[in-house]
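Student: What follows is a structure written as structure tokens; I'll ask about it next.
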Amino acid sequence: MAQVTFALTIRKLTRGKVTRKLGRELNHYPNIISRTFMTATRQESEFTVAAYIARFLRQQGIQRFWGITGGENVDLINACYAEQIDFQLVHHENTAAFLAQNTAFLTGVPSVFLTTLGPGATNIINAVADAYLARLPLIVITADFEDPTVEFATHQNAPLLELLRPITKWNVRLTPANTADSLAYAWAVAAQGRPGPVHLALPAAVARQTIAAVPLQASARPTGIMDAAPLPHTAHARLTTCDAPVVVLGLEANHRLSQEAIVALVDQWGAPVVNMPMSKGIFPEDHPLFAGIHSVYGYAIVDEFLAQADCILAVGLDGSDFIHPWQTEATTIAIHPHTEVDSAFGADYVLVGDLDATVRRLTPELTHQGDWGPRAAAACRAKIQQRLAPKDTGEATASLTKAAVAPQAVLATLRDLTPPETIFACDVGSHKLLSCQMWQSTQPQTFLVSNGLSTMGFGVPAALAAKLCDPERPVVCVTGDGGLLMYAGELETVKRLAPPSNAPFVIVVFVDSTLALIRTKSEERGYAGIENDFGHTDYVKLAAAFDLPAIHIQSEDECAAKLQEALALNRPVLVAVEIDVDEYRHMGG
Ligand SMILES: Cc1ncc(C[n+]2csc(CCOP(=O)(O)OP(=O)(O)O)c2C)c(N)n1
Ligand SMILES: [Mg+2]
């Protein structure tokens, strides 16, 4: 078997916009290109395309992937079994993608999910768009029709490449001839530069054809080999002469910035810190210089706080970190790990380089800015705490019965009862905007949230992904009732796939029988009559249908004991807490 060197050139791969962008990045990262593309070798041999892909996935360290079967993807699933890669069935394709996406978030390397063609593939738009905005490396494998059938087929034929192109970094329909190069390239594109999803469309007929090669030993792990960015002297002057510096951390800091490096910089500079929802925990939220979370409940207070700054150091901040556009008069110096910077986020200086190395290089150059930092951070935290404190007006809203438990009390009790390494996953709604601000995260990658797209249905699979990654970590999921009911069938997935563990796995549903976030917004606009409320559901019976234990909490008095009981089970349990929806009012401003 002849060994042939696998040396792709960028010119060979020039395919439109995404490749142009990648080309720019690769020019910028000559070391990465040589590591990723040049180390691969291949030998001539006969594999089916499906077997080739399975072997390739195995070589990238993939141990499991998720999806829903279809007549057109069973060859690949079977080939993966032969490579000891576990296929895990879910009930909605978005769930498969959320599982993969959160695995990528927790591990920092690409993760895989699979669908059939047609409706299986059109079902995944939400989760793929979410991964795109969360900048997470995801390998999306759909089935498809092959050329030229794709031009004429009508049954279950949807234009998958076109549908997924705007929400993926790159996509391609596989053939025996392009599979080897496409896989290696897809892996690199997903992980390098600004990470994101890539889409491989695998026609069933192609999966069964043969390919004359053995899979490559390419690896696209983010290498972090960029140097520290140089600092223009004008930016240096600003950093050292300002009076009110602030550090803002964004989602790109995940896996690229160590907690130790950013804490050292912040201590040296005396600058207060704002975390974004997806960077929670990178800077510990029990530090005296922690000010608050941007773009969630209490946002007006955090905006006011940022308005006092005269210099902002934005580390790994991304446009999709914000709900509202960035508005600041302060000189903003961004440290960014790649050249793709959104217009949503304007900076006076953008230093492109390795985040950790740049932060470490800057640290000794900064001088301490007196007591501004601890004072300003404490004042901001105090205002947020006051804004979010339970109001307990005792009044029932027009259509809802006065419920017993303030959502803040549930979160505070849960936090008290769980250790710092607990992974917290939330869904989307009022409970998310509160959880992001209230849940104290002190360790990186311990808070799972959909922020860029903010899609419902994210929370439960995120929690399951955390359990699958590390069964012995405590995991807590907080979801709205609207979000839980949207994907209620996934409770069966949780029951079936949750690994045995000696640590808690608690799913808490905030029962308010309404889409609380939209209800509050509708009321604020004077549209109280809009239908946001739905029927009260018996979650204990729902859990029983899936053979899951369940606990019902109706009053604050029983909250601590019952949550403790749920945590002590060390297996998946559904806790339904009757929430006082009125508490969410006035949290925003
Ligand atoms: C898939 C999806 N559909 C619609 C929305 C719009 N939306 C945002 S929050 C929300 C309400 C969520 O209700 P629930 O899950 O009960 O959480 P709560 O706000 O009550 O805490 C809706 C409908 C969305 N973000 N995602
Ligand atoms: Mg609700």
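Student: From the phi angles alone, apply the Karplus equation (6.51, -1.76, 1.60; θ = phi - 60°) to segment 485-491 and give each ³J(HN,Hα) in whole Hz, x where the residue is Gly or Pro.
Tutor: The phi angles translate into 5, 4, 10, 4, x, 6, 5 Hz.
Student: Let me ask you something else. Taking just the C-alpha trace of segment 371-508, give me its Rg and Dmax in Å.
Tutor: 16.6, 53
Student: Pick out, in residue order, every one of the GluC sites (Glu not before Pro) in segment 512-589 that is DSSP loop and has at most 13 other C-beta atoms within 10 Å; say none if there are none.
Tutor: Working: sites: 523, 524, 531, 556, 558, 565, 578, 583; in loops: 531.
Answer by residue number: 531.
Student: Equivalent ellipsoid semi-axes for the chain, as square roots of 5 times the alpha carbon gyration tensor eigenvalues: give them largest first, rounded to whole Å. If you can, show how the numbers build up before the last one.
Tutor: Numbers: eigenvalues 307, 215, 78 Å².
They are 39, 33, 20 Å, listed largest first.
Student: Show me, for segment 573-583, the HN-Hα J-couplings you get by feeding each phi into the Karplus relation (A = 6.51, B = -1.76, C = 1.60, θ = phi - 60°), rounded to Hz, glycine and proline as x.
Tutor: 9, 9, 10, 9, 10, 6, 9, 8, 5, 5, 4
Student: Moving to a separate point now. Quick check: pseudo-label points 7 Å beyond the Cα along Cα→Cβ at residue 324 and residue 552, how many nm apart are they?
Tutor: 4.1 nm
Student: Right, something else. With a point put 7 Å past each Cα toward its Cβ, work out how far residue 496 is from residue 540 in nm, to one decimal.
Tutor: With each label point 7 Å from Cα toward Cβ, the separation is 2.8 nm.
Student: At R0 = 22 Å, how high is the FRET efficiency between residue 585 and residue 385 if r is their beta carbon distance? Nearest 0.05 is fine. List each step's numbers first, then the result.
Tutor: Numbers: r = 17 Å, r/R0 = 0.78.
The value I calculate is 0.80.
Student: Quick one: if the Förster radius is 41 Å, what FRET efficiency do residue 528 and residue 304 give, using the C-beta to C-beta distance and rounding to 0.05? It would help to have the intermediate numbers written out before the result.
Tutor: Values: r = 29 Å, r/R0 = 0.71.
So the FRET efficiency works out to roughly 0.90.
Student: I would also like to ask the following. Need the C-alpha centroid separation for segment 154-171 versus segment 407-466, integer Å.
Tutor: Spelled out, the Cα-based centre of one part sits 32 Å from the other.
Student: Given H placed on each backbone N at 1.01 Å, which residues far from residue 477 in sequence or on other chains put an amide H within less than 5 Å of it?
Tutor: Placed amide hydrogens put 425, 506, 507, 508 under 5 Å from residue 477.
Student: Hey, another quick one. Taking a ≥ b ≥ c as the square roots of the eigenvalues of the Cα gyration tensor of segment 285-333, is the shape rounded (a/c under 1.5), prolate (a/b larger than b/c) or oblate?
Tutor: Values: a/c = 1.26, a/b = 1.10, b/c = 1.15.
Judged from the Cα gyration tensor, segment 285-333 comes out rounded (a/c under 1.5).
Student: For residue 351, enumerate residues with amide H under 5 Å from its amide H, sequence gap 5+ or separate chain, H modeled in the peptide plane.
Tutor: It is 334, 335, 336, by chain and number.
Student: Then there's this: For residue 391, list the aspartates and glutamates whose Cα falls under 13 Å from its own Cα; do not include residues on the same chain fewer than 8 positions away.
Tutor: Cα-Cα hits under 13 Å: 580, 582, 583.
Student: Related question: Sort 253-259, 548-554 by packing, meaning the average of other beta carbons within 10 Å per residue, with the highest value first.
Tutor: Numbers: 253-259: 22.4, 548-554: 18.6.
Ranked from most to least packed, the peptides come out as 253-259, 548-554.
Student: 7 Å from Cα along Cα→Cβ at both residue 570 and residue 518: what's the point-to-point distance in nm?
Tutor: So the two model labels end up 4.1 nm from each other.
Student: If you don't mind, there's one more thing I want to ask. Given the peptides 291-300, 233-242, arrange them by the average over their residues of other C-beta atoms within 10 Å, most packed first. Present the calculation step by step, with values, prior to reporting the outcome.
Tutor: Numbers: 291-300: 23.7, 233-242: 15.4.
Listed from highest to lowest mean packing, they are 291-300, 233-242.
Where a number appears in this text, it was derived from the coordinates with a stated rule and is not lab data. Quick caveat, the model's predicted, so the values are computed rather than measured. Note that we place each Cβ from the backbone using ideal geometry, even for glycine, and neighbour counts take in every protein chain shown.
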